[in-house]
Number of protein chains: 2
Amino acid sequence: MQISMYRASVPVFARNLRNLIGILRKAEASATERKIDQGVLLGYRLAPDMFPLTRQVQIATDMAKGCVSRLAGVEIPAYDDKEATFGDLIARLEKCVAYLESFKPAQIDGTEDKTIVLARPTGDVSYPGLQYLLEYVQPNVYFHCSSAYAILRHCGVNIGKKDFIGPL
Amino acid sequence: MQISMYRASVPVFARNLRNLIGILRKAEASATERKIDQGVLLGYRLAPDMFPLTRQVQIATDMAKGCVSRLAGVEIPAYDDKEATFGDLIARLEKCVAYLESFKPAQIDGTEDKTIVLARPTGDVSYPGLQYLLEYVQPNVYFHCSSAYAILRHCGVNIGKKDFIGPL
């Protein structure tokens, strides 16, 4: 198999979001077992001016669905940011994985030079598809997934790097 | 430009390690300003059974140099794990970036199906180059770089996601 824009996006993001589902399931079980209100973990932050767990998960999915939609040239589906339980976040992740995996390689491959425009408060910025994928979306997906992991690790949930990397 | 095994490894890892250098420089300055012994930050962990900052940085470089060496079929350079200051860790990162950037695309490209063997305490495991890069090394590099970031963010160093993602 050759590396391609599809291979470096859809399966990579789907894998990371699936791993995050596994991590959230362990966190949910840990909260139940330790009699911790789910909201405490969902609202937990590693620093007062850092996003809490729920927002980390939301942004990870937003980055992934935004990326494949923009590369393929289809409208980005909007998700309500109303998740209030681990079950809600897991449902969002599952919905996002199903969306990602609805794309065919032919919709994404060959988009290396496609101009991707992002709206910013300071004005639009644009990147070639390859740079957008490798230097913007991939690091963002990993950043928010591992921030979610780090919050839960810090909160004593029994997870390890294997949960983040996934089965190999 | 086409996506390739080289493009998805050498520049991606070099970019992440350079961003990590910037983060460590800010951490060093923060320690000086706040009169915190460097060793406190270097030994800080988000959980008692999680690696401290120094080890996170060491593993990030080990993953990156191991990957390009294995894909190219050259011996992996050994680094002593003796860093005791931010300056030592930054020097290790700079050495690793220079090593990564010494590779030419022709040494890495086309290694999607190359068998990569990793020694494990439980026996050797092997993966095709493409899976090794996208499902093992990339997530590991991101995991350890963002763990380093999360430790320092939790310790009050004035860094933000922009420092992790880098200039775009």
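Starting from the label point of residue A:126 at 7 Å along Cα→Cβ, the same points in the other copies fall at 4.7 nm, in ascending order.
If I build a Gaussian network model for chain A, linking alpha-carbon pairs within less than 10 angstrom, which residue out of A:108, A:23, A:36 has the largest mean-square fluctuation? Taking springs between Cα atoms under 10 Å, the residue moving most is A:36. Inter-chain Cβ neighbour count for A:50-60, averaged per residue, equals 1 (cutoff 10 Å, partner chain atoms only).
Over segment B:61-168, the pair-distance histogram of Cα-Cα distances with 10 Å bins from zero comes to 12, 38, 34, 15, 1 percent, rounded to whole numbers. Solvent exposure of segment A:1-126 amounts to 48 Å² per residue of accessible area, where only protein heavy atoms count and the probe is 1.4 Å. Placing a label point 7 Å from Cα along the Cα-to-Cβ direction at residue B:22 gives distances to the equivalent points in the other copies of 3.3 nm, listed shortest first.
Largest mean-square fluctuation among B:91, B:78, B:60, in a Gaussian network model of chain B whose springs join Cα atoms under 10 Å apart, belongs to B:78. Which of A:119, A:72, A:150 moves the most in a Gaussian network model of chain A with Cα springs under 10 Å? Looking only at A:119, A:72, A:150, the largest GNM fluctuation is found for A:119.
Beyond 26 Å, the tail of the calculated P(r) for the protein assembly as shown holds 48 percent of the Cα pairs. Working note: 222 nm ellipticity from helices only, DSSP H runs with n ≥ 4, each -39,500 (n - 2.57), summed and divided by the residues of the protein assembly as shown, gives -17000 deg cm²/dmol to the nearest 500. Size descriptors for segment A:1-61 (Cα atoms only): Rg and Dmax, in that order, 15.1, 48 Å. Given their separation in residues at 0.36 nm each and the Cα-Cα distance between them, residue A:101 and residue A:36 gain 20.0 nm when the chain is fully extended. Summary for residue A:77: label point 7 Å along Cα→Cβ; distances to the equivalent points in the other copies, ascending, 4.7 nm. Peptide A:131-141 has a mean of 4 when you count, residue by residue, the C-beta atoms of other protein chains within 10 Å of its C-beta. For residue A:161, a cut-off of 22 angstrom between C-alpha atoms picks up these lysines, skipping any fewer than 8 places away in its own chain: A:26, B:65, B:161.
Counting other Cβ atoms within 10 Å, keep those with at most 11, restrict to DSSP loop, and tell me which trypsin sites (Lys or Arg not before Pro) in segment B:74-168 are left. Those that pass, being in a loop and sparsely packed, are B:82. Remark: mean inter-chain Cβ contacts per residue of B:3-13 equal 4, using a 10 Å Cβ-Cβ cutoff to other protein chain atoms. Can you list which of the GluC sites (Glu not before Pro) found in segment B:37-107 are DSSP loop residues with at most 11 other C-beta atoms within 10 Å? Listed in order of number, the matching sites are B:75. Placing a label point 7 Å from the Cα of residue B:18 along the Cα-to-Cβ direction, the residues of segment B:64-95 whose backbone N falls under 13 Å from that point are B:94. Interface B-A: total buried accessible area of about 3700 Å², 1.4 Å probe, protein heavy atoms only. For chain A, the longest principal axis of the alpha carbon atoms and the long axis of helix A:53-72 meet at an angle near 20°.
Accessible area of residue B:154 (1.4 Å probe, protein heavy atoms only, ligands and nucleic acids ignored): about 60 Å².
The values are calculated or read from the model by the stated rules, or taken from the named source; none is laboratory data. Source: prediction; values computed, not measured. Positions of Cβ are generated from backbone atoms using ideal geometry, with glycine treated the same way; all protein chains shown enter the neighbour counts. Protein only, heavy atoms only, side chains kept; ligands, DNA and RNA dropped before computing areas. Shrake-Rupley method; radii C 1.70, N 1.55, O 1.52, S 1.80 Å.
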